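What follows is a short report on a single structure.
The values are calculated or read from the model by the stated rules, or taken from the named source; none is laboratory data. This is a predicted model, so every value here is computed, not measured. Positions of Cβ are generated from backbone atoms using ideal geometry, with glycine treated the same way; all protein chains shown enter the neighbour counts. When the accessible area is computed, the model is the full protein with side chains, heavy atoms only, and any ligands, DNA or RNA have been set aside. Shrake-Rupley method; radii C 1.70, N 1.55, O 1.52, S 1.80 Å.
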Amino acid sequence: MIFISYEKQRPRRRRWPRALAVLALLFVLLLLDSNFRLVTTRVEVTSPRIPPEFDGFAVAHLSDVHAAVFGRDNKGLIEKVRRAGPDAIAITGDLINNKDDLEIVEPLLHALVQIAPVYYVTGNHEWDSGAVRELFALLKDTGVRALRNEYDVLEKGGVRLILAGIDDPNGPYDMPKPEEVLPRIRQKEGDGPYLILLAHRNKYLPRLAPYGVDLILSGHAHGGMIRLPFTDGLIGPSREWLPEYTSGLYEMGGAKMFVSRGVGNRTGFPRFLNNPELAILVLRSEAA
């Protein structure tokens, strides 16, 4: 008699639930990192128009702070700026969202002016906050220079550099347009000095390149919120898809524009692969 035995087969473990759990955990970690880890981006801006006296001049660029906090009294953000050792600090709008935010940004402003001269221009949220007058008073009290369609001249070794700023279009209806401000500056200061313009909105490059600006520092786009590999930002500040000029350095007709990904977030969308950013722009002279 022949006996045939059958081994009871063990059921195969399904591995896809474990894989999905790992992917979900990775996604959550990336999401947390993208929204809460502040990174420093260092960018060198080279031009034959930058005089050798200003070679190495560094500007710490903060945009779209939206009263964000990194550590108690923003010590995390302040220390990153301090370690960078900038010669000037530029805040390009959307510092606050409402009146209550003034108490949050006050310690930040007091600390920044101890590091380097601080320059500020308005964004759209300041004008919508209902506290723009109080903000201007706070800026004055803390020693921050608000550039409202005006400019300062910086000098090193007898050589001048122009730092100008324009109000956001959400400001007063009768304020001058950038196309009026820039020619006035050039008429008064000449075409020689390198001109840096602080402007909140991120689409000024095509519009202002013909008007004698060398470098525009802006924000507003929040890096496009979601950034996937090999793509630019996916969501614009007006909820548009695939926006232009969301992050980094752009060039047109000899003019350049750096767009910051911003520090805070007020868009309603979480950041993804798009960390809050402190940018350090270092001027490099081709003649140096």
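If you take the residues of region 38-61 that are assigned to a loop (DSSP other than H, G, I, E, B) and of a type outside the set (Asp, Glu), which of them is surrounded by the fewest Cβ atoms within 10 Å (Cβ to Cβ)?
This residue is Pro48.
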Item to check | Answer residue from region 129-156, given it is of a type outside the set (A, V, I, L, M, F, W, C), at pLDDT 95 or above and over 30 Å from Pro52 (Cα atoms) and is most open to solvent (accessible area, probe 1.4 Å) among those | outcome: Arg133
Checklist entry - Which members of region 83-112 meet the condition of being part of a helix (DSSP H, G or I), in contact with a helix residue (DSSP H, G or I) (Cβ under 8 Å, 6 or more places away or on another chain) and open to solvent by less than 50 Å² (accessible area, probe 1.4 Å)? => result Leu102, Val105, Pro107, Leu108, Leu109, Ala111, Leu112
Item to check | Pairs, first of a type in the set (D, E, K, R) in region 149-177, second in a strand (DSSP E or B), C-beta under 6 Å, six or more apart | outcome: Asp152/Leu163; Arg160/Val153
Checklist entry - Somewhere in region 73-82, is a residue in contact with a helix residue (DSSP H, G or I) (Cβ under 6 Å, 6 or more places away or on another chain) and on the phi > 0 side of the Ramachandran plot? => result yes
Next on the checklist: Pairs needed: first member in region 15-36, open to solvent by less than 90 Å² (accessible area, probe 1.4 Å); second member anywhere, of a type in the set (A, V, I, L, M); C-beta distance under 8 Å; at least 6 residues apart or different chains.
Outcome noted: Leu30/Leu273; Ser34/Leu273
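Over 28 Å from Ala68 (Cβ atoms), out of contact with any Leu (no Cβ under 8 Å at 6 or more places or on another chain) and among the polar types (S, T, N, Q): is that true of Gln187 in this structure?
Answer is yes for this residue.
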Item to check | Pick from region 207-239, criterion charged (D, E, K, R) and closer than 24 Å to Leu30 by Cβ, ranking: farthest from the chain's Cα centre (by Cα) | outcome: Arg239
